[in-house]
Structure formats: structure tokens, C-alpha cells
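The values are calculated or read from the model by the stated rules, or taken from the named source; none is laboratory data. All values reported here derive from a predicted model rather than from experimental measurement. Here the Cβ is made from the backbone with ideal geometry for all residues, glycine too, and neighbour counts use every protein chain on show. The accessibility values were calculated without ligands, DNA or RNA, using every heavy atom of the protein model including side chains. Shrake-Rupley method; radii C 1.70, N 1.55, O 1.52, S 1.80 Å.
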Amino acid sequence: MPTRGPVSAVEVQGLTKRYRGPEDGVLAVDGIEFCVPSGEVFGLLGPNGAGKTTTIRMLTGLTRPDSGGARVLGLDLARDLPAIKKQVGVVPERSNLYNELSARENLIFMGQLYGVPRDERGERADELLHRFRLDGKRDVSFGRLSKGMKRGLTVAAALVHRPRLLFLDEPTSGLDVVNARALRALIERLRSEGVTILLTTHYLEEAERLADHVALLVKGRIIAADTVTGLKERVADGDAMVEIRYADSGGSDRVQLHREDATSTVVAALGRAQAAGREVESINTVQPSLEDAFIQLTGLSAEVMLVEKGGR
Ligand code: ATP
């Protein structure tokens, strides 16, 4: 019988990190708890500075928590880090690969770091180059690859030891639409192969598309954690959402209709459009999006998630 892994790939308990600094420093992660079910894509979602990277760094042994802990693949983070590292892949937001080494040399080097037997490293590297459509770039130094290729190779390098759990920090940040789409397709394929994926993102739409469960992280705290569907249902609570599209800009507004004042809400929204001289193109009932859930649950505007470091 195949051995079965733990039901939760990651279980986080009271994880806390304060960076030292002037005065009290920064409480980057403040006693968070969440579980990542095995075999799922889990989205840790939050604006810049929320503590996502710090959380990943703690879960992968790069930063020591001040308090709290975690079980990763059934192992204790504080006690069993070497065993955890053998089964976990990490894709940092900034690549950890070497500019001077070629694509293939980077993969072989990472294979060595991750303990892949020497006689298997070359074959693994070639397999991954093929899978990531980088065969033609095998001898090109990492520094000379395009942005999308760099991200692809960085993901490939994290898979060289065939991990059961993959941490992806802002996987599509800074990528163009085509590369971002290819990476999302890869994430879905890895999930279908049984790899558990914990990704951080500040793209609500990306989390909505990819993730099974999400946790909303704001200022080091988890505001809500649920399935994407569960979060959306909390917003709707049986109410309809109406989307008003404008002909002029192609833009739209969304309003939530409560049963008791649905008519006046629609009339008021149309009145505002008319007063602003906007031409309404269509009115539709829509399902609430993760963005609607985010706005309602955090009290923040969706714009805080759009502030980009690199631009898309
Ligand atoms: P981003 O999406 O911008 O990467 P994030 O959600 O990953 O944000 P973190 O990078 O974990 O957030 O940062 C959380 C908080 O901790 C921020 O206030 C940040 O300024 C602070 N911080 C992060 N790293 C350090 C550090 N090495 N020293 C001091 N403060 C830090």
C-alpha cells in the first residue's frame, strides 16, 4: 500500500516574527494560524508588507520565528528542518540562481544542494529544461535569459528534487500576461500531479483562479481563512450582486442588493451614473468575486492590492 502523507501539508500555530529596529521594531507576523490541506493550492493573500514573505521564510527555515511553530509534511519545523528541506521546494520572489552559471549548470547545482544523487542530476536537469521549454537555452547563462525564462528556470530549480510541497512567493509578479498564464498552467499541472502548493500573491484574481483555500493576511494577522467559495458566500449571504457596465469607459461598478432595499439601491446607483453623465451599457446579476469578499472582510479598498513593486 502506498504510504499516505498527513492530511495537512502545513499546520501553522501561533507563528510570530518581530524584526528588530528602532523603538519596538516591526511586528511582521503576529501569531498566525492556518492549515494547508495536502494536494491543494493554498493562497496566502495580502497587500505589500502584510508579512507573506516573512511567513514563507519562517516555514522554509530561512528565518527563525520568535514564537509559535509549524508542522510541515508532518514534521516539526524547529526539530526536523533538514528532513523538511529534502521534501520541499522554494521559489523566492527574487531568484536564488546564479547569473554566471548556465541554465543547465544552475539546475545541476541546485540538484547537488538538494541532495539529488550525482548520476541523476544531469538527466533531471535535461528533463526540467525540456518541461519548461528551455532546451534551447541550456548553455545560456542565467543572467542573459528573459524575465519569463528566469522565473521559469527558478521554478524548475525548485523542482529538481521532486518535492511534495512547493512554496511560491509572488510567482507571477512582474511577468507579462503570456508568461503569467504559462506559470499558472504549470501550477495547475503540479497540483494534478499531487504536489501541494503554498503561494503568496497580492493578485486577488490570481488567488481566485488558482487557490482552493486562501488566507487573507493584513498587517501580520490573518483576517479570514476559508475556501475561495466559502469567502465569497460570506459576502453574498444570499444577497445578489449587480454589476453596472458603462459604455464610455468599459468600466463597471458593483453594488450589493439587500432584500429590504434592493430597488432603492439600484435606482440610486443608476442615479449616480446619470448624474455623472455616464452611459450605462448593461446591468447584470453577478456572483461576488474574491475582491468583493476582500473589501468587505478587511475594510480595505481593492486598490491596496494593486500597488505594485515591479509592475505587471
Ligand atoms: P511584499 O508583498 O511587499 O513582499 P510581504 O507581505 O511579503 O510584502 P514582508 O516582506 O513579510 O511582507 O514584510 C512584513 C513587514 O516586515 C514589513 O513591514 C516589512 O517592512 C518588514 N520587514 C521585512 N523584512 C524585514 C527585515 N529584514 N528587517 C526589518 N523589517 C523587515
Checklist entry - For the chain, modelled as a Gaussian network with Cα springs under 10 Å, which listed residue fluctuates most, Gly74, Gly21, Gly143? => result Gly21
Item to check | Rel. contact order, % - alpha carbon contacts under 8 angstrom, at least six apart, the chain | outcome: 21
Item to check | Accessible area per residue, Å², the chain with all protein chains present, probe 1.4 Å | outcome: 52
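Could you work out the helix-only [θ] at 222 nm for the chain, with each DSSP H run of four or more residues adding -39,500 (n - 2.57) and the total divided by the number of residues, to the nearest 500 deg cm²/dmol?
Theoretical 222 nm ellipticity from helices: -10500 deg cm²/dmol.
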Next on the checklist: For region 95-191, I need the span (max minus min coordinate) of the C-alpha atoms along each principal axis, in Å, sorted largest to smallest.
Outcome noted: 37, 30, 21
Item to check | Ranked order, Asp76, Asp176 - accessible area, probe 1.4 Å, largest first | outcome: Asp176, Asp76
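For region 158-270, what mean projected area does the convex hull of the alpha carbons give, in nm²?
10.4
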Checklist outcome for this item: Where a ≥ b ≥ c are root eigenvalues of the Cα gyration tensor, a/c under 1.5 meaning rounded, otherwise prolate if a/b exceeds b/c and oblate otherwise, region 75-127 counts as oblate
Checklist entry - For region 20-108, what mean projected area does the convex hull of the alpha carbons give, in nm²? => result 8.2
Checklist entry - Hey, what angle do you get for helix 103-113 against the long axis of the chain, alpha-carbon based, 0 to 90 degrees rounded to 10? => result 70
Checklist entry - For the peptides 267-274, 177-184, what is the packing order when you average, over each peptide's residues, the other Cβ atoms within 10 Å and list the highest mean first? => result 177-184, 267-274
Checklist outcome for this item: The pairs in Lys52/Lys150; Lys17/Lys232; Lys85/Lys150; Lys52/Lys86; Lys86/Lys150; Lys85/Lys137 lying past 26 Å Cα-Cα in this model are Lys17/Lys232; Lys85/Lys137
Item to check | Whole-angstrom gap from region 117-187 to region 1-69, using each part's C-alpha centre | outcome: 24
Item to check | Accessible area of the chain belonging to carbon and sulfur atoms, whole % at 1.4 Å probe | outcome: 49
Next on the checklist: Explain nothing, just the number: dipole magnitude of the chain about its Cα centre with +1 on each Lys and Arg Cβ and -1 on each Asp and Glu Cβ, in debye rounded to the nearest 20.
Outcome noted: 1280
Item to check | Of Thr263, Thr63, Thr229, the one that fluctuates the most in a GNM where the chain has Cα springs shorter than 10 Å | outcome: Thr263
Checklist entry - How about region 25-95: which trypsin sites (Lys or Arg not before Pro) there lie in a loop by DSSP and see at most 15 other Cβ atoms within 10 Å? => result Arg79, Arg94
Item to check | Cα-centred dipole magnitude for region 29-171, charges only on beta-carbon of K, R (+1) and D, E (-1), debye, nearest 20 | outcome: 300
Checklist entry - How big is the accessible area of Arg164 in square angstrom, nearest 10, if you roll a 1.4 angstrom probe over the protein chains? => result 100
Checklist entry - Hey, what angle do you get for helix 147-158 against the long axis of the chain, alpha-carbon based, 0 to 90 degrees rounded to 10? => result 60
Next on the checklist: Below 8 Å between Cα atoms, with a sequence gap of 6+, how large is the relative contact order for region 98-243 in percent?
Outcome noted: 18
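What do you get when you divide the Cα radius of gyration of the chain by 2.2 N^0.38 Å, with N the number of residues?
On the way: Rg = 22.0 Å, N = 312, 2.2 N^0.38 = 19.5 Å.
The reported ratio for this selection is 1.13.
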